[in-house]
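Worksheet: one structure, shown below.
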Amino acid sequence: MSTINLTIDGRAIEARQGMTVLEAALAAGIYIPNLCADPDLRPFGACRLCIVEVEGIRGLPASCTVPAGDGMVVRTDSPLLETTRRTLVSLLLADHADDCLACAKNNRCSLQTAAAYVGVRERRFPKATRVLPVDDSNPFFTYDMNKCILCGKCVRVCDEVQGVGAISFVNRGYDTKIGTLMDRPIISSLCESCGQCEAKCPVGAITAKNYQQPSRKVKTVCSYCGVGCGLLLHVRGSKVIAAEGDRESPVNRGSLCVKGRFGYEYVNHRDRLTRPLIRRDGVLQEASWDEALELVATKLAEHRGKFAALASAKCTNEDNYVLQKFTRGVMATNNVDHCARI
Amino acid sequence: MAGLATTFGSGAMTNPIADLENAGALLVIGSNTTEAHPIAALAIKRAVRQHGAALIVANPRYIELCRYADVWLRAKPGTNVALLNGLAKIILDEGLWDKDYVESRTENFAAWAESLAEYTPETVAAITGVSVADLRAAARAYAKPKQGHAAIVYAMGITQHTTGTSNVIATANLAMVTGNVGVSGGGVNPLRGQSNVQGACDMGCLPDVFPGYQRVTDAAPRAKFEEAWGVPLSGELGLALTQMMGAVDEGDVKAMYILGENPVLSEGDASHVTHSLPKLDFLVVQDIFLSETAKLADVVLPGSSFAEKTGTVTNTERRVQLVNRAVARPGEAREDLEILLDVARRTARKLGLSEGLFDFAGSEAVMEEIARLTPSYGGIAHSRLGDQGLQWPCPTPEHPGTPILHVGKFTRGLGRFVPVGQLPPAELPDEEYPLLLTTGRSLYQYHTGTLSRRVAGLDQLMPEERVEINPADSVALGVAEGEPVAVSSRRGRVVAKAKVTDRVPPGIVFMTFHFAETPTNVLTSAALDPVSKIQELKVCAVKVERVG
Amino acid sequence: MNDDCGEQVRVILSGYKRERRWLIPILEEAQRKLGYVPEEAVRLIAEHVHLSESEVFGVVTFYAFFRTTPTGKKQVMVCRGTACHVRGGRRVLQAIQRELGIKEGETAADLSYSLETVACIGACALAPNMTINDEVHGRLTPQKALEILRADKEEAV
Amino acid sequence: MGAENGHRTLCVCEGTGCVSSKSPQIRQRLEEAVRSLGLEHAVTVKPTGCHGFCQQGPIVDVEPDGIFYSQVTVEDAEAIAASLLPSGQPVERLFYTDPVSGKAIPYAKDIRFYSGQQRRVLRHCGRINPEDIEEYLSVGGYDALKKALVEMTPEQALAEVRRSGLRGRGGAGFPTAQKWEFCRQAPGTEKFVICNADEGDPGAFMDRSIMEAVPHAVIEGMIIGAYCMGARRGFVYIRAEYPLAVRRLRTALRQARERGFLGRDILGSSFDFEVEVMEGAGAFVCGEETALMASIEGNRGMPRSRPPFPAQSGLWGKPTNINNVKTWASVPLIIGQGGDWFAGIGTEKSKGTAIFALTGKVANSGLVEVPMGTTLEEIVFGIGGGIPGGKRIKAVQTGGPSGGCLPARLLNLPVDYETLAQAGSIMGSGGMVVVDEDTCIVDLAKYFLSFTEKESCGKCVPCRLGTHQMRGILERITRGEGKLEDIDELLALGETIKAAALCALGGTAPTLWRPFPTR
């Protein structure tokens, strides 16, 4: 992959061929405010916050769509850029519900970040008066188009990455919004509830229900189908509170399906077995580990050779290895199988 | 898996999932990929929608992928061999095959080609119900993609038949004759159902092989394991799951240990399982919930969920990946490995065997032994897995893993064409049971529902079983949308609400097996593929009646 | 939508390749034949061109030519081009709204007329203009527009 | 056609304007009258495209005499037919009356509206039957194509276009040859040419008239262009609001195909080319070239950022050239008569003629073709005959919603790309709306803003939300609730939108009042 050299704000920057100016800047640690650019999605160029000045190009091109060119000279700030960005942010804020403190995306909202960066602190335009209905129909996430900035990330991830196309831009001009066929609730669309729209939404327009901030994230592998998607489990205390697709995983590159993303909940379920059970008088009753294991060992030892084990396609390689080793090495039989449904 | 082992020498997905995106044509057969393997389906959809790949879907039921398909082959259930042989015959007759590849990389071509003689398009059309025009369109699209190679993707719709092994061999023959094995964007790609089915197989949790598919009946590997473990080992084939119940009935098996599985709901002719398990003298179930199977146990041991353990799993593309503990276990529940080791040590002690066999400090140490004894895992260690994992075969600590199998040379040397013939399913509709039941999965539930039913949102999205039935049949039976119906077979009866839809063709009903309230597998047949011992869950004869 | 409608859409679809680029021509034909693009048509068309129904709906709602609700038998379009604007087009529109009892973008309850405005029909030299089912009427005054409409209603009877 | 033996042709205008006044019925009645008078061998009645003087329609021309009948009705047909009897006299009551002198003028050439023009691109408009390729061939049609394909290499043809100095007739006036060169040089074997016939500017109907009158000229230009650039497929993207133009274009394409001007191995040159018609569906923004391409592909017509430019990555990501109807229609002239001839009129930087749709508060509305550099005054007061009703002119609006208003004091400006741009407007696609003293400029500004707001695709923030806010401010001003700061806010918003909008629709939307800072 060939590299190119360009100058951004007087700094010499090296970038990979094929990068946009925005990508080159961000990679070099130069922040340009942006709302609709995303490394997983094709350039879109709608929010216009990432405008820059490029020598030899007329006007203020959006850095998220301009390919970085060798020898390019770019400025990311100038009085014109600053006023323009301030006006853009003010326009967005005029059209955006303003209950930041109560918003699930508070403190991780890109619009807040942009407003702080460009220095918008007061209302400049009259507040939009239209109120759009909140769509609460999905069990996992909520659509509130009063907070939508039409960056299109949800539509694009649903189409480009997930290949579902449950939502689309509907109408045009000022009436444009994100919607489904005949404007129905999301639950009655083709939506497969993967929640990738929520993951990509930079503002509070699409939020996970019962969102909580995690105290840490743990990398692991999804427990459902055989694809083996990379997960980041969000943990708070001793509870798994959310799952996020691992962008570094070569398997899913950040994508998840509904089960991968929301299906972790069983881990916390009240039905979880917490103590060994032994059948006494026909009824399973709680017992101590030592009691249970002694009984198991005693009974199994009695049936050496007349034993069979069923390993698990949900357990680890190490678990299964030990079970077959036990079956073959101790129980002296090759009667070991699993629900190999292929 | 036996099918691919016979033809290629290795029974696993040949190409990485991400590589499906590079295919110029895709044949998806017996796989409802978007529901059963949603993220694998993304690569297929991207290939089609963003790179213009041709998509051929072979499925009796209308699935989401049909929306993107250039050709949809709505073959009757149980006619896969005829369908695949028919495609191969057209490819040969129209000269669309890869002569150089066949000559240099394969054997037994002539005998196989001869065996196709009877599979003329007209005959195949009659057997499968697919038009000759669609057969030709599919054969051409698969054999001559506009760009790149052609990939085959399949799942249980191919394997869960009495002819499962033949079905798999037929896909392999098709891929070889068009030069599509051992190349990027090609291959034969079985998608595996559960998070670690591949790993469980790799680890030798099969009655005929030690870890790494080393046969128990072969002296050399047996000697190797005997030496490593310091115990004598049986050279006799063990019982497959599907044979175990019979052995229980016969009294040949007295005790069973079931780790995290729920055969009471997942196995074909499930009543047989429910009936047999109580005959055991002793049943241990290790699980995280009191599953339908655990309820029959003598001892239930509370294990750990994936979020509470550390170890590795191997996905469908042979990628060994790290599972990391995120949270503590609830109550007194213990880590699965710890329980297994404890049971093993205590039992060994009682039998006067060495406990040292199970003296592992943790899962990482277990993997060290696996690597030592399993050539394809030879280079695998927890410390190497990182973000990317490693795809086996990975024989040495320096080996980067193997994304694509059979590059330049098949695992068995030359790819072998194996003639296979169409045979009818074990049970077909008749007067008494006039409809054909086929089973599958839904996106919103998983397997027997043990996990997914305990996620409130998922249960809200799909709260109950719905029997899919064609509008024509619903009219004939006087069944309306949403009405409860009884579905019965020679083996059992269940009740569920009807979903009237032309996703299923007339004469066919579809059900999932996710719901304990509607244990679909009491209906299905226990008939087995003679080689793989997999049950024929995709075809059985049923009748549907109104209830109440 | 009744089955007949679905059948009509299937007939339309049979004339087009299953590629996205035919989406707008298909929608145009459906709009012309059915008077609007019903929900069921959106579904059938989406499947034909390998798109999701929402994506097709997004296209339908982008273009002014398409309707998702039934339109009147007669479609009155009042031009809101510049020439029409400066020559009193707005008063013509107001008069028509009063006469038909519907506003711009609406359809009469008896499905007799729909009223639309159009960016410009390009008959600027005759401004102000309107069209009734593709027939252009120029040099309008509010009075003349009403006469034309009333004559049209008579004819319909 | 000829004048030999006293043969006459009645050219009945069947452009959209005249059709709306029942010109097809007039033609039918004329045919009947001619038959009933036994004149069928001496008189031909034929439909033609737009004569340009739409305001005076329906128009019937008697050729070769050049008698011009205006505002003809069905009832006048017998009289016109009778006038062609050996004893007949012209029908004086149908003569055009000069609005200034009040005199009746029998001949088109004496009418100021026509005599002030220099018709080149429009020279066959109103003279030939647009639905008959024979008529186009009889006036030298497709000769330029033959010349280009048989006598010239693509390079030579392109050089001729370069020599002509032709600039894009659709907006900013980018040099056509240069644009072609970019596409020609772009790597790749699959290339497309597009004719942008999505004439959306309110107040503009030049493209419609050309397509209705001489569709073959557009097609011929496209084939030559495709030959120069190595494109094998072309598209005409045309508004669905122009049903007549669509029909005529389709007819013309069919005839051109039958004659071997389209298809494989055109005129034995081994050059293949095919053209398809794609109808728009009512979105002004699709006149923007990237939105237009999105629409052809079956998407919402939302523009995308440039670079990359269509010449590198256009339709389906392939190199694509888009030109406007007038640009394509100019090409056969350039190849036929030579680039130098074309460059012989106009100004230093703007060569050839400009075509305007002159409308609004002006005596003679219609289609006007004048050399580049003609003054506004000549167009409005000379050709246009001034302002009716003794009103005073206030301004001339050019360039549609993307253009601006030129106040009366600038009437002496010569019309070309640079001058208009300096004055704060643009040449645009050629709409020219005259505004008199009765019209409120704020109201006009509000009109254009409402238009832009309604037609905004909604993709980029400045256009979607900025025009909305600006219109709100203007509403307040027209309600009398305006504040002084509102003017500053309007100007500031205007600058932001201009600087940051994704495409030219948004980018030029708020410029209307720039020449009127004090309003």
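Can you give me the number of residues within region A:297-331 that are under 44 Å from the mean Cα position of the chain (by Cα) and either farther than 16 Å from B:G311 by Cα or more than 7 Å from chain B (Cβ to nearest Cβ) (or both)? The qualifying residues number 8.
Taking the criterion of being facing chain D (nearest Cβ under 7 Å), under 28 Å from C:K33 (Cβ atoms) and in contact with a Ser or Thr (Cβ under 7 Å, 6 or more places away or on another chain), the residues of region C:85-134 that qualify are C:I121, C:G122, C:A123. Candidates D:G373, D:G389: the one that is at positive phi, touching a Pro at 6+ places or on another chain (Cβ under 6 Å) and surrounded by fewer than 22 Cβ atoms within 10 Å (Cβ to Cβ) is D:G373. B:Q286 satisfies every condition listed in (1) within 28 Å of A:V267 (Cβ to Cβ); (2) at pLDDT 90 or above; (3) at the interface with chain A (Cβ under 7 Å from one of its Cβ atoms) except (3). Does A:L300 fit the bill of being in contact (Cβ under 8 Å) with a residue 24 or more places away in the chain, farther than 30 Å from B:E21 by Cα and not basic (K, R)? So A:L300 fits the description; yes.
Being in contact (Cβ under 8 Å) with a residue 12 or more places away in the chain, buried (at least 23 other Cβ atoms within 10 Å of the Cβ), more than 30 Å from B:L42 (Cβ to Cβ) and out of contact with any Phe, Trp or Tyr (no Cβ under 6 Å at 6 or more places or on another chain) is true of A:V89.
Restricting the first member to region A:98-121 and to residues that are among the acidic types (D, E), and the second to residues that are part of a loop (DSSP other than H, G, I, E, B), the beta-carbon pairs closer than 8 Å and six or more apart or on different chains are A:D98/A:K127.
Scanning region B:278-315 for residues that are within 24 Å of the chain's Cα centre (by Cα) and over 23 Å from A:V322 (Cβ atoms) yields one hit, B:E292. Summed over region D:300-332, the residues that are more than 10 Å from every other protein chain (Cβ to nearest Cβ) and outside any loop (DSSP other than H, G, I, E, B) give a count of 14.
Within region C:30-57, being buried (at least 20 other Cβ atoms within 10 Å of the Cβ) and acidic (D, E) holds for C:E53, C:E55. What number of residues within region D:342-373 satisfy the criterion of being more than 10 Å from chain C (Cβ to nearest Cβ), in a loop (DSSP other than H, G, I, E, B) and aliphatic (A, V, I, L, M)? Here the count works out to 3. Report yes if some residue within region A:212-219 is facing chain B (nearest Cβ under 8 Å) and surrounded by fewer than 24 Cβ atoms within 10 Å (Cβ to Cβ); otherwise report no. Among the residues of region A:212-219, at least one is facing chain B (nearest Cβ under 8 Å) and surrounded by fewer than 24 Cβ atoms within 10 Å (Cβ to Cβ), which makes the answer yes.
Do we find that B:A476 is away from chain A (no Cβ under 14 Å) and assigned to a helix (DSSP H, G or I) in this structure?
Spelling it out, B:A476 is indeed away from chain A (no Cβ under 14 Å) and assigned to a helix (DSSP H, G or I).
Screening region B:345-363 for residues that are farther than 12 Å from A:L300 by Cα, of a type in the set (G, A, S) and outside any loop (DSSP other than H, G, I, E, B) and picking the one that is modelled with the highest pLDDT gives B:S363. Checking the structure you have, find out if any residue of region A:240-247 is assigned to a strand (DSSP E or B), more than 7 Å from chain B (Cβ to nearest Cβ), acidic (D, E) and surrounded by 18 or more Cβ atoms within 10 Å (Cβ to Cβ). Yes: one or more hits.
There is no residue in region B:211-231 that is within 7 Å of chain A (Cβ to nearest Cβ), hydrophobic (A, V, I, L, M, F, W, C), assigned to a loop (DSSP other than H, G, I, E, B) and within 30 Å of B:S452 (Cα to Cα). Within region B:256-264, is there a residue that is under 30 Å from B:L92 (Cβ atoms) and more than 8 Å from chain A (Cβ to nearest Cβ)? No - not one qualifying residue is present in region B:256-264.
Of the residues making up region B:232-246, those that are at the interface with chain A (Cβ under 7 Å from one of its Cβ atoms) and either in contact with a Ser or Thr (Cβ under 9 Å, 6 or more places away or on another chain) or closer than 14 Å to B:V273 by Cα (or both) are B:S234, B:E236, B:L237, B:G238, B:L239, B:A240, B:L241, B:M244.
How many residues, within region A:142-173, are among the polar types (S, T, N, Q) and more than 9 Å from every other protein chain (Cβ to nearest Cβ)? Steps first, please.
Here is the first cut: in region A:142-173, the ones among the polar types (S, T, N, Q) are A:142, A:146, A:162, A:168, A:171.
Now narrow it down to the ones that are more than 9 Å from every other protein chain (Cβ to nearest Cβ): A:142, A:146.
The total comes to 2.
Among the residues of region D:100-119, the ones that are surrounded by fewer than 19 Cβ atoms within 10 Å (Cβ to Cβ), assigned to a helix (DSSP H, G or I) and in contact (Cβ under 8 Å) with a residue 24 or more places away in the chain come to 1 in all. Only one of the listed residues (D:A144, D:A77, D:A81) is under 28 Å from D:R169 (Cα atoms) and buried (at least 23 other Cβ atoms within 10 Å of the Cβ). That residue is D:A144. Taken over region A:248-268, the criterion of being buried (at least 24 other Cβ atoms within 10 Å of the Cβ) and in a loop (DSSP other than H, G, I, E, B) is satisfied by A:S249, A:V251, A:N252, A:S255, A:L256, A:C257. Determine whether region B:189-197 contains at least one residue that is more than 8 Å from chain A (Cβ to nearest Cβ) and either within 17 Å of B:G3 (Cα to Cα) or part of a strand (DSSP E or B) (or both). Yes, that holds for at least one residue. Listed by position, the strands (runs of 3 or more DSSP E) contained in region D:374-457 that have at least 3 residues being away from chain A (no Cβ under 14 Å) and more than 20 Å from C:G89 (Cβ to Cβ) are D:404-407.
Within region C:44-59, restricting attention to residues that are β-branched (V, I, T) and within 19 Å of the chain's Cα centre (by Cα), the residue that is nearest to the other protein chains (Cβ to nearest Cβ) is C:V59. For region D:477-491, what are the residues that are surrounded by fewer than 16 Cβ atoms within 10 Å (Cβ to Cβ) and over 16 Å from D:F448 (Cα atoms)? Selection gives D:R479, D:G480, D:E481, D:K483, D:L484, D:E485, D:D488.
From the list B:Y119, B:Y68, the one residue that fits, being in contact with a helix residue (DSSP H, G or I) (Cβ under 7 Å, 6 or more places away or on another chain), within 14 Å of chain A (Cβ to nearest Cβ) and hydroxyl-bearing (S, T, Y), is B:Y68.
Restricting D:Q71, D:Q56 to residues that are within 14 Å of another protein chain (Cβ to nearest Cβ), closer than 20 Å to C:R139 by Cα, within 30 Å of the chain's Cα centre (by Cα) and surrounded by fewer than 20 Cβ atoms within 10 Å (Cβ to Cβ) narrows the list to D:Q71. For region C:58-83, taking the residues that are in contact with a strand residue (DSSP E or B) (Cβ under 6 Å, 6 or more places away or on another chain) and hydrophobic (A, V, I, L, M, F, W, C), the one that is surrounded by the fewest Cβ atoms within 10 Å (Cβ to Cβ) is identified as C:M77.
The values are calculated or read from the model by the stated rules, or taken from the named source; none is laboratory data. Since the structure is predicted, the reported quantities are computational estimates derived from the model, not experimental observations. Methodologically, a virtual Cβ is constructed for each residue, glycine included, from the backbone with ideal geometry; neighbour enumeration extends over all protein chains shown.
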